[in-house]
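Structure first, then comments.
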Amino acid sequence: MSVAHPVQVLAVTGGKGGVGKTNSAVNISICLAEMGRKVVLLDADLGLANVDILLGITPRETLENVIAGTCSLRDVLVEGPGGIRIVPAASGTQSMADLSTAEQAGLINAFNELADELDVLVIDTAAGISDHVISFTRAAQEVLIVVTNEPTSLTDAYAMIKVLNQKYGVHRFQILANMARTPQEGHEVFAKLSNASDRFLDVALVYLGAVPWDEYLRKSVQRQKAVCDVYPRSRSALAYRDIAQKIKNWPMPSSARGHLEFFMDRLVQGVG
């Protein structure tokens, strides 16, 4: 089944846990939806679902049910803030690596059926550099690395870039500096990552921007809400809006297939 409608596929990853990856995926999705894009957010942390917890949502069914064939992808879609739709993660009893050929084909068809109903698919990957994370990330059209000004975060972000570049030929990475204490710190984080990558890898890193350390972001997490939804004028919400505006201005995929079918094909090849 071919997809004529172009769909942007953005994987949000970072290597290390605790860098604000899920918060970034959720808030960027909401900001893109506010700008008129039809957005689906896929929680790809298949073992430890994050998005539904962050937003205080209790899904009845998950991606696992789609794979099992007990419901359609439309059945599991959950309405989120700002008009985004969420594909909740499986509970961890079924992993992507165990999918049969028939299940893989079913998953591709499930997403293809949604293609005309979305402009952007945002994937919130799990922490770490597991096979699942690599599969989701390498299949995406754009890779957004969330990194903080901590040695462990920088090291893990570099490791993720290195694996995707050297093993899978990914050459372009969007960099988001999170929890920056000053605007300058965001640029410093990017410079550290860029200097190491320039020396040892054949990659192009793009500085997408910085999200400042913000007490309102912490408050929104405690409330199980997105900061862009409940504190839209906070510093972090304004930063996410700027980042989403840049993403909105990226060129759409030019192939007749769009990018969604390509993404699903690559995804199941990576885990099969």
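Taken about its Cα centre, the range 8-271 carries a charge dipole of about 760 debye when Lys and Arg each add +1 at the Cβ and Asp and Glu each add -1 at the Cβ.
Counting residues in the range 156-272 as N, plug N into 2.2 N^0.38 Å and put the Cα Rg over that result.
For the range 156-272, the normalised Cα radius of gyration is 1.27.
The Cα atoms of the range 8-271 give a gyration tensor whose axes a ≥ b ≥ c have a/c of 1.5 or more with a/b no greater than b/c, which makes the shape oblate. Using the average count of surrounding beta-carbon atoms within 10 Å as a protection proxy, the listed peptides 244-252, 79-87, 229-237 rank, highest first, as 79-87, 229-237, 244-252.
Volume per residue, Å³, of the convex hull around the alpha-carbon atoms of the range 95-176?
On the way: hull volume 9.0 nm³, N = 82.
Here the figure is 110 Å³ per residue.
Hand me the tally of lysine pairs in the chain: alpha carbons under 21 angstrom apart, and the pair either on different chains or 8 or more positions apart. Here the count comes out as 14.
Each reported figure results from applying straightforward, stated rules to the coordinates on display, with no laboratory input. What you see is a predicted model, and the numbers here were worked out from it, not measured in a lab. With ideal geometry, Cβ positions are generated from the backbone for all residues, glycine too; neighbour counts draw on all protein chains shown.
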